[in-house]
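> Before I ask anything, here is the structure I am working with.
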């Protein structure tokens, strides 16, 4: 309960935030790292706050881009025995013991999700958001997959299996856009969200 209270108190001061997800293992030399940094920088310049999981890789890139552009750069760090150490770029830090409270903070305070290439954690955040939008448990918001080469195979499988077999509806496909260009990601979010 204390974790909920503390995080709501801090996050209530974070306006119009976009959550950016992606692999903790991505290095600064990787083009995805650079795209995440550019997207976050562009969002911050347009008045959006940026939320990440607070760790390394894509999370560090996004926190760095937002902070360097003068924006609110939030890191929602999870205490794990490996991999997840807080990055130095978030100018607002929260530490979580419980995944489910952290997940609530992402959904409650986000006006859009940007999903960069990542692993199981990234997929978890993506599909949780899509489930909540599909079931109308939350108000729909833009969900952008960045990187056509990375996401194309998954999206074709979703259309070719899930949709064809009747496990999702055709309108469910409209919840997601696949975009490569960082500026186009920012413009897409701006079309749906007024800051």
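The values are calculated or read from the model by the stated rules, or taken from the named source; none is laboratory data. Treat the numbers as computed from the prediction; the structure is a model and nothing was measured. Note: ideal-geometry Cβ built from the backbone for every residue, glycine included; neighbour counts use all protein chains shown.
> Quick check on the stretch 40-54: of everything there that is farther than 14 Å from residue 113 by Cα and touching a strand residue (DSSP E or B) at 6+ places or on another chain (Cβ under 7 Å), which residue is surrounded by the most Cβ atoms within 10 Å (Cβ to Cβ)?
54
> Residue under question is residue 129, and the condition is that it be without any contact (Cβ under 8 Å) to a residue 24 or more places away in the chain and either touching a helix residue (DSSP H, G or I) at 6+ places or on another chain (Cβ under 9 Å) or under 14 Å from residue 22 (Cα atoms) (or both); does it hold?
Against the criterion (without any contact (Cβ under 8 Å) to a residue 24 or more places away in the chain and either touching a helix residue (DSSP H, G or I) at 6+ places or on another chain (Cβ under 9 Å) or under 14 Å from residue 22 (Cα atoms) (or both)), residue 129 qualifies.
> Something else about it: With respect to residue 144, is the statement that it is assigned to a helix (DSSP H, G or I), touching a helix residue (DSSP H, G or I) at 6+ places or on another chain (Cβ under 9 Å) and either at pLDDT 95 or above or closer than 20 Å to residue 35 by Cα (or both) true? So that I can check it myself, show each step before the final result.
Details: assigned to a helix (DSSP H, G or I): no; touching a helix residue (DSSP H, G or I) at 6+ places or on another chain (Cβ under 9 Å): yes; either at pLDDT 95 or above or closer than 20 Å to residue 35 by Cα (or both): yes.
Judged against the criteria, residue 144 is not a match.
> Here is a further query. Looking at (1) modelled with pLDDT of 95 or more; (2) surrounded by 15 or more Cβ atoms within 10 Å (Cβ to Cβ), which is the only condition residue 24 fails?
It fails just one condition, (1).
> If you don't mind, there's one more thing I want to ask. Examine the stretch 130-141 for a residue that is surrounded by 17 or more Cβ atoms within 10 Å (Cβ to Cβ), under 16 Å from the mean Cα position of the chain (by Cα), at pLDDT 95 or above and not in a loop (DSSP other than H, G, I, E, B), and state whether such a residue exists.
Yes; the residues of the stretch 130-141 include at least one that is surrounded by 17 or more Cβ atoms within 10 Å (Cβ to Cβ), under 16 Å from the mean Cα position of the chain (by Cα), at pLDDT 95 or above and not in a loop (DSSP other than H, G, I, E, B).
> Something else now. Quick check on my filter: what residues within the stretch 1-33 are in contact with a strand residue (DSSP E or B) (Cβ under 9 Å, 6 or more places away or on another chain) and in a loop (DSSP other than H, G, I, E, B)?
Across the stretch 1-33, the qualifying residues are 13, 14, 15, 16, 22.
> Here is a follow-up. Based on this model, can you work out whether residue 67 counts as in a helix (DSSP H, G or I), within 14 Å of the chain's Cα centre (by Cα), without any contact (Cβ under 8 Å) to a residue 40 or more places away in the chain and farther than 19 Å from residue 124 by Cβ? Full working, then the answer.
Details: in a helix (DSSP H, G or I): yes; within 14 Å of the chain's Cα centre (by Cα): no; without any contact (Cβ under 8 Å) to a residue 40 or more places away in the chain: yes; farther than 19 Å from residue 124 by Cβ: yes.
Answer is no for this residue.
> If you don't mind, another one. Restricting attention to the stretch 46-64, report how many residues are farther than 25 Å from residue 4 by Cβ and either in a loop (DSSP other than H, G, I, E, B) or free of Cβ contacts under 8 Å to residues at least 40 places away in the same chain (or both).
7
> For the stretch 70-108, which residues satisfy the criterion of being in contact with a strand residue (DSSP E or B) (Cβ under 7 Å, 6 or more places away or on another chain), without any contact (Cβ under 8 Å) to a residue 40 or more places away in the chain and in a loop (DSSP other than H, G, I, E, B)?
Matches in the stretch 70-108: 71, 79, 86, 87, 89, 90, 91.
> Here is a follow-up. Taking only the stretch 148-193 into account, find how many residues are over 18 Å from residue 132 (Cα atoms), outside any helix (DSSP H, G or I) and under 18 Å from the mean Cα position of the chain (by Cα).
Residues flagged as over 18 Å from residue 132 (Cα atoms), outside any helix (DSSP H, G or I) and under 18 Å from the mean Cα position of the chain (by Cα) within the stretch 148-193 amount to 5.
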